[in-house]
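Please read the structure below before turning to the comments.
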Amino acid sequence: MTTPAITPARVLRSEWHKLRTVRSTWITVLTSAALLLGVGILMGATYTSGGGDSDVDTVVLTLYGSQLGGIALAVLGILVTAGEYATGMIRATLTAVPSRVPVLWAKATVYTVTVFTTSLLTALLTFLTAQVFLADTDQAASLTDDGILTAIAGNAAGVTLLGLIALGLGAALRSVPGAIGAFVGGVLILPEILGTLPYEVMDTVVRYFPTQAVGVLGSAIPLPGAASPGAAFLALLLWAAAALAVPALLLKRRDV
Amino acid sequence: MIRAENLTKRYGDTTVVQDLSFTVHPGSVTGFLGPNGAGKSTTLRMILGLDAPTRGHATVDGRPYAAHRAPLTHVGALLEARSVHPGRSAHHHLMALAHTHGIPRARVERVLALTGLTHVAHQRVKGFSLGMGQRLGIAAALLGDPATVVLDEPVNGLDPEGVLWIRTLLKNLAAEGRTVLVSSHLMSEMALTADRLIVIGKGRLLADTTVDELVRASGGTSVKVVTPEADRLRALLPDARITAEGPDTLLVAGLEAPEIGRAAAAHAVPLHELTPQAPSLEQAFMDLTRDSVEYQGASA
């Protein structure tokens, strides 16, 4: 028998165990998958060539449901962190791992792996299913076409990083409703409002906001007037890093 | 072994714990007593590294709790508030905690059996009664087979059977050589389980003593005597400390009932009642903490 001691790998295993043993994980992941697939099929089945959606990027069109599904995954991110404060589980968690910060890294890691994997697989399935309906239209495309696979992976990565921001907000605010409010207000709505302001600099700044960057990553054809995919990915990584760094610092200082 | 040195915790202008120093030794049950709001839970949270002291520090086995490589093997704790996800089963809750230390599944099953939870181990905690919830908290505390066990108000809200189970458990843990620190606001409960007592009020140390010493300090035993000739009896017992409880009733301290009875018989003083009184630890505790109770009830 090995000697009991805390190691990063063991904390990771503990967080993985926690993630898979509550219903909310399965409910949010399956909801997001159902939304992505359902909206994708709807888009494919109702599409007519030359209609209003003809100029829409094929990947954006088929994965339109990821905008809704992403919200379910963001809620999961918030439950992973802020949820522990709601139930009191955080006291047991931080008594077991009193160095605290490894818990946050472990949570972020198991969330990232779970959400990226399921999002990517669902996105691939959704794209292929939608294409069955789109075969004879001007939106017909295959996985091997230029930019398609990258955009599908970009969509999954974007949704995952957006969810990590939510996870970080949950850890910083320690309240499920508070973090959901902050996510919807600050991450989803605020850039829309800033974009309508009559200052040109705002247009440039808003390009690098999380939701805009996610849009860039999920497009097969580069969008005019948007950031480049590389810049968007970097911006999103920085947002997620900042959203995790703040609670990591606070976790060390605050009383539980 | 737990050692607190000058522990102080302030929230803004409010001082919850003030300059608290004490040591808790292995092999006995130490009661941590104080009225509600005395700072017991805050002190325990500082020992466990959940709250940072404003000043001073606490160590467990010579180090701060958080500095241990396997803290669950040093201290197991049951905190007052529930610390469990209600949607997870008891088994999975304990497994998640066990994984952090690489504690094997067999140990999880062992503590489930020890706390009598084996048959409900795979049910979600949501449906647990208060007593089962406490048992799960204790199972979690014992998970790392810790040398020190800290329990915050473990009998609160339990039925008599649950209370008895906790008492036996505490005594057994101490008999195994562990350090046991158990907080309570009920002196009567501590009198039954604890050997040593640390009494605090308004965040300050009021007494660090044993139950026996506290009994002695509270005046020891006394005898209630009812006699129509109270004044004569008083004169016959010059060495006793006597207080009058009524025209015919005396409370005699410093003498045992047989001695009082013999003295009365020798001088033909009729006695209607001669009753040894149990020492009132409750009273001693209240005397000790009178000035530090948060809310004083006014007598009508």
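Of the numbered conditions (1) open to solvent by less than 30 Å² (accessible area, probe 1.4 Å); (2) modelled with pLDDT of 95 or more; (3) within 22 Å of the chain's Cα centre (by Cα), A:THR58 satisfies every one except a single condition; which is it?
Among (1) open to solvent by less than 30 Å² (accessible area, probe 1.4 Å); (2) modelled with pLDDT of 95 or more; (3) within 22 Å of the chain's Cα centre (by Cα), A:THR58 violates only (2).
Kindly indicate whether B:ARG178 is under 18 Å from B:LEU48 (Cβ atoms), under 19 Å from the mean Cα position of the chain (by Cα) and open to solvent by 20 Å² or more (accessible area, probe 1.4 Å).
It is true that B:ARG178 is under 18 Å from B:LEU48 (Cβ atoms), under 19 Å from the mean Cα position of the chain (by Cα) and open to solvent by 20 Å² or more (accessible area, probe 1.4 Å).
Only one residue in A:THR196, A:THR160 is among the polar types (S, T, N, Q) and touching a residue at least 40 places away in the same chain (Cβ under 8 Å). Which one?
A:THR160
Could you tell me which of the residues B:THR43, B:THR30, B:THR73, B:THR23 is among the hydroxyl-bearing types (Ser, Thr, Tyr), at the interface with chain A (Cβ under 10 Å from one of its Cβ atoms) and either part of a helix (DSSP H, G or I) or under 17 Å from the mean Cα position of the chain (by Cα) (or both)?
Being among the hydroxyl-bearing types (Ser, Thr, Tyr), at the interface with chain A (Cβ under 10 Å from one of its Cβ atoms) and either part of a helix (DSSP H, G or I) or under 17 Å from the mean Cα position of the chain (by Cα) (or both) holds for just one of B:THR43, B:THR30, B:THR73, B:THR23, which is B:THR73.
If we keep just the residues of segment B:92-105 that are of a type outside the set (Val, Ile, Thr), open to solvent by 10 Å² or more (accessible area, probe 1.4 Å) and at the interface with another protein chain (Cβ under 9 Å from one of its Cβ atoms), which is nearest to B:LEU142 (Cα to Cα)?
Applying the filter and picking the extreme gives B:LEU97.
Are there any pairs with C-beta distances below 7 angstrom linking a residue in segment B:46-59 that is hydroxyl-bearing (Ser, Thr, Tyr) to a residue that is open to solvent by 50 Å² or more (accessible area, probe 1.4 Å), with the two at least 6 apart or on different chains, and if so which?
Listed pairs, sorted by first residue: B:THR54/B:ARG10; B:THR59/B:ARG3.
Need the failing condition index for B:LEU48 against (1) over 21 Å from the mean Cα position of the chain (by Cα); (2) closer than 20 Å to A:PRO102 by Cα; (3) at the interface with chain A (Cβ under 7 Å from one of its Cβ atoms), just the number.
All conditions pass for B:LEU48, except number (1).
Note down all Cβ pairs under 7 Å where the first residue falls in segment B:115-133 and is closer than 16 Å to B:VAL163 by Cα, the second is assigned to a loop (DSSP other than H, G, I, E, B), and they're at least six residues apart or on different chains.
Here the result reads B:LEU130/B:GLY157; B:LEU130/B:LEU158; B:GLY131/B:LEU158; B:GLY131/B:ASP159; B:MET132/B:LEU117; B:GLY133/B:ARG82, each pair linking segment B:115-133 to a residue that is assigned to a loop (DSSP other than H, G, I, E, B).
If you go through segment A:5-18 one residue at a time, how many are facing another protein chain (nearest Cβ under 10 Å) and open to solvent by 20 Å² or more (accessible area, probe 1.4 Å)?
Count: 7.
Any residue in segment A:157-174 that is of a type in the set (S, T, N, Q) and surrounded by fewer than 21 Cβ atoms within 10 Å (Cβ to Cβ)?
There is no residue in segment A:157-174 that is of a type in the set (S, T, N, Q) and surrounded by fewer than 21 Cβ atoms within 10 Å (Cβ to Cβ).
Filter segment A:109-143 for residues that are crowded, with 23+ Cβ neighbours inside 10 Å and either in contact with a His (Cβ under 6 Å, 6 or more places away or on another chain) or within 30 Å of B:ALA139 (Cβ to Cβ) (or both) and give the result.
If the condition is that a residue be crowded, with 23+ Cβ neighbours inside 10 Å and either in contact with a His (Cβ under 6 Å, 6 or more places away or on another chain) or within 30 Å of B:ALA139 (Cβ to Cβ) (or both), then A:TYR111 is the only one that fits.
Looking at A:THR31, A:THR2, A:THR21, A:THR114, which is the one that is at pLDDT 95 or above and within 14 Å of another protein chain (Cβ to nearest Cβ)?
Matching residue, one of A:THR31, A:THR2, A:THR21, A:THR114: A:THR21.
Take segment B:76-91 and flag every residue that is within 8 Å of chain A (Cβ to nearest Cβ) and either part of a loop (DSSP other than H, G, I, E, B) or closer than 24 Å to B:THR179 by Cβ (or both).
Result: B:ALA77, B:LEU79, B:ALA81, B:ARG82, B:SER83, B:VAL84, B:HIS85, B:PRO86, B:GLY87, B:ARG88.
Give the residue that is nearest to the chain's Cα centre (by Cα), with candidates limited to residues of segment A:204-256 that are under 16 Å from A:LEU169 (Cα atoms) and β-branched (Val, Ile, Thr).
Looking at residues that are under 16 Å from A:LEU169 (Cα atoms) and β-branched (Val, Ile, Thr), I get A:THR211.
Among (1) surrounded by 17 or more Cβ atoms within 10 Å (Cβ to Cβ); (2) more than 8 Å from chain A (Cβ to nearest Cβ); (3) aromatic (Phe, Trp, Tyr), there is one condition B:TYR65 misses while meeting the rest; what is its number?
The one condition B:TYR65 does not meet is (2).
The values are calculated or read from the model by the stated rules, or taken from the named source; none is laboratory data. Here the structure is a predicted model, which is why all the values come from computation and not from measurement. All Cβ positions, glycine included, derive from the backbone under ideal geometry; neighbour counts span all protein chains shown. Heavy atoms of the whole protein, side chains included, go into the accessibility calculation; ligands, DNA and RNA do not. Shrake-Rupley method; radii C 1.70, N 1.55, O 1.52, S 1.80 Å.
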